[in-house]
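Below is one structure, written out as structure tokens; comments come after it.
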């Protein structure tokens with residue numbers, strides 16, 4: 001099956017996602033979609049479906065937004081970034097590969113009555 005070509009509307013949506021997602025003009029995703037050309041009612045009801053549509057996803061790939069590009073960027077930062085960025089990149093690599101060391105935790109069950117009795121006995125010995 002051939003890869004579906006994105007429509008102009010889907011391309012504008014992808015560009016808006018890439019270039020304006022963090023822009024304060026777009027408080028909600030529906031506003032970003034409406035700016036791209038979708039009706040406000042359609043962007044309100046179907047925002048997830050619009051973003052996940054094959055056309056928008058293919059337009060994002062055309063713009064360079066794909067898993068391989070992201071992995072290459074993380075690798076570049078890991079090798080050449082400043083210390084803080086390298087640490088964050090390493091954290092992302094651990095997340096992707098699931099190689100975080102398990103967090104240590106301690107579970108303690110405490111019988112408060114027994115503890116109270118032990119404290120009382122120690123106090124009586126003094």
Highest first, please rank the peptides 11-18, 49-56 by the mean number of other Cβ atoms sitting within 10 Å of their residues. 11-18, 49-56
Give me the log10 of I(q) over I(0) for the chain at q = 0.11, 0.18 Å⁻¹, as the Debye formula computes it from C-alpha points; what are the numbers? -0.62, -1.03
Rounded to the nearest 10 degrees, the helix 67-80 long axis (Cα) sits at an angle to the longest Cα principal axis of the chain of 60
Projected label distance in nm at residue 7 and residue 87, using a 7 Å step from Cα toward the beta-carbon: 4.8
Return one quarter of the surface area of the convex hull spanned by the alpha-carbon atoms of the range 38-103, equal to its mean projected area, in nm². 7.2
To the nearest 500 deg cm²/dmol, what mean residue ellipticity at 222 nm is calculated for the chain from DSSP H runs of n ≥ 4 alone, each contributing -39,500 (n - 2.57), summed and divided by the residues? -20000 deg cm²/dmol
For the chain, what relative contact order do you get, as a whole percent, if you take Cα pairs closer than 8 Å and at least 6 residues apart? 21
For the range 8-62, what is the relative contact order in percent, using Cα pairs closer than 8 Å and at least 6 residues apart in sequence? 44
Taking the beta-carbon count within 10 Å as an exposure proxy, list 20, 38, 100 from fewest neighbours to most. 100, 20, 38
How far, in degrees from 0 to 90, does helix 8-20 lean away from the longest principal axis of the Cα atoms of the chain, to the nearest 10? 40
For 7, 39, which order do you get if you count the other beta carbons within 10 Å of each Cβ and list the fewest first? 39, 7
Using 0.36 nm per residue, how much length does the chain from residue 80 to residue 28 gain when fully extended, once their Cα-Cα distance is taken away? 15.2 nm
How big is the gap, in Å, between the Cα center of the range 28-84 and the Cα center of the range 96-126? 48
Rounding to the nearest 10 and keeping the result within 0 to 90°, find how far the Cα-based axis of helix 112-125 lies from the longest principal axis of the chain. 40
At q = 0.16, 0.19, 0.29 Å⁻¹, work out log10 I(q)/I(0) for the range 8-62 with the Debye formula, treating every Cα as an identical point scatterer and leaving solvent out; two decimals please. -0.38, -0.54, -1.23
Pick out which of 76, 103, 67 has the largest mean-square fluctuation in a Gaussian network model of the chain, springs linking Cα atoms closer than 10 Å. 103
Fully extended, how many nm does the chain gain between residue 111 and residue 41 (0.36 nm per residue separation, minus their Cα-Cα distance)? 19.3 nm
Could you list 74, 61 in order of exposure, starting from the residue whose Cβ has the fewest other Cβ atoms within 10 Å? 61, 74
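Every number in this text was worked out from the coordinates using simple rules, so none of it is lab data. Here the structure is a predicted model, which is why all the values come from computation and not from measurement. Methodologically, a virtual Cβ is constructed for each residue, glycine included, from the backbone with ideal geometry; neighbour enumeration extends over all protein chains shown.
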